[in-house]
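Take a look at the structure set out below.
The values are calculated or read from the model by the stated rules, or taken from the named source; none is laboratory data. Source: prediction; values computed, not measured. Every residue, glycine as well, gets a Cβ built from its backbone with ideal geometry; the counts of neighbours run over all protein chains shown. The area values use the complete protein model at the heavy-atom level, side chains included, leaving out ligands, DNA and RNA. Shrake-Rupley method; radii C 1.70, N 1.55, O 1.52, S 1.80 Å.
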Amino acid sequence: MKAIHDIIPTEHAAFFEAVKQVFEQYPEAKGKYAVASLELQTEMGIDYDTKEGLSRIEGDQIITRFVDRDDAKERARVCTLWNWDYSKCLHWKEAEM
């Protein structure tokens, strides 16, 4: 499969061009947001209907564990990754207390 910049599959080229246009329309968002692939999570078999990611920073590493949604009892957290329509948080950051 030929890809743009050897990263983006060509069947998604129109989608990424539309996203690029949105970033050009809102340049202040360029340093705050990015398009993320869920390829690694898919490879791990993560089911976001039943699991959610929870990350913390340790030095120069971001450590992520996936927990059952029903068992997620962290008190202070901030959502860092939403699904496509913002109806479900997929990934949380442990907030500093």
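One table, with the values for the structure above:
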quantity	calculated
Selected residue (criterion: modelled with the highest pLDDT) from residues of the range 27-50 that are touching a strand residue (DSSP E or B) at 6+ places or on another chain (Cβ under 7 Å) and either open to solvent by 60 Å² or more (accessible area, probe 1.4 Å) or in a helix (DSSP H, G or I) (or both)	THR50
Exclusive hit being over 22 Å from HIS12 (Cβ atoms), more than 15 Å from the chain's Cα centre (by Cα), at pLDDT 90 or above and not polar (S, T, N, Q), set GLU58, GLU74, GLU96	GLU58
Pairs with Cβ under 7 Å, 6+ apart, first in the range 43-59 and free of Cβ contacts under 8 Å to residues at least 40 places away in the same chain, second of a type in the set (A, V, I, L, M) and open to solvent by 90 Å² or more (accessible area, probe 1.4 Å)	SER55/ILE62
Among the candidates PHE66, PHE23, residue that is modelled with pLDDT of 85 or more and assigned to a helix (DSSP H, G or I)	PHE23
Matching residues in the range 51-69 - criterion: being out of contact with any helix residue (DSSP H, G or I) (no Cβ under 9 Å at 6 or more places or on another chain), within 19 Å of TYR86 (Cα to Cα) and open to solvent by 50 Å² or more (accessible area, probe 1.4 Å)	ARG69
